[in-house]
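J.: Handing you a structure now.
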Amino acid sequence: MQWSMVVSAPAGAGRTTVDFGDLRALPRDLALYLTDESAGRTVALRSTGFYSFEPGRDGEARGFTVIARR
C-alpha cells in the first residue's frame, strides 16, 4: 500500500517535523517507510516514528510517500 501526502510550512519556519506517533499498534509484520520526494531520502518509520526537514525558503509544499509492506 502507498499513500502520497504534502506538507507545507511557512517560509522561515525552521526545522519541521512530521510525527507519526506511536506505531506499536500496527501489526508486527508490517513495515512502514516514509520517502521525502524532494530529498530522495527514505526512513523506516518503525525505527524513528518521525521525520524532520528544513522547509524551502519560499515556504513551498513538500511531497512525501508513505509505503506499507509485509
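J.: So what's the back-of-envelope 222 nm ellipticity for the chain, counting only DSSP H runs of four-plus at -39500 (n - 2.57) apiece and dividing by all residues, rounded to 500? Working shown, then result.
T.: On the way: 1 runs with 4 residues, N = 70.
One gets -1000 deg cm²/dmol as the mean residue ellipticity at 222 nm.
J.: Right, something else. Counting alpha carbon pairs within less than 8 Å and at least 6 residues apart, what relative contact order, in whole percent, applies to the chain? If you can, show how the numbers build up before the last one.
T.: Values: 130 pairs, mean separation 37.2, N = 70.
Normalised by residue count, the contact order of the chain is 53 percent.
J.: OK, next. Give me the dipole magnitude in Debye, nearest 20, for the chain about the Cα centre, with unit charges on the beta carbon: positive for Lys and Arg, negative for Asp and Glu. The partial results should precede the final answer.
T.: On the way: 9 positive and 8 negative charges, 65 e Å.
That gives a dipole near 320 debye.
J.: Could you work out how far apart the two model spin labels at Asp19 and Ser47 are, taking each label as a point 7 Å from the Cα in the direction of the beta carbon, and quote it in nm?
T.: About 2.2 nm, to one decimal.
J.: Can you list residues from other chains, or at least 5 along the same chain, whose modelled amide H is less than 5 Å from the amide H of Ala31?
T.: The answer is Arg69, Arg70.
J.: In addition: Zone of Asp58 (label point 7 Å along Cα→Cβ, backbone N under 13 Å): which residues in the stretch 1-31?
T.: Residues passing the 13 Å test: 11.
No lab work stands behind these numbers, since they all come straight from the coordinates. Owing to the predicted nature of the structure, the values given are computational and were not obtained by experimental measurement. Cβ: placed from backbone, ideal geometry, glycine included. Neighbour counts: every protein chain shown.
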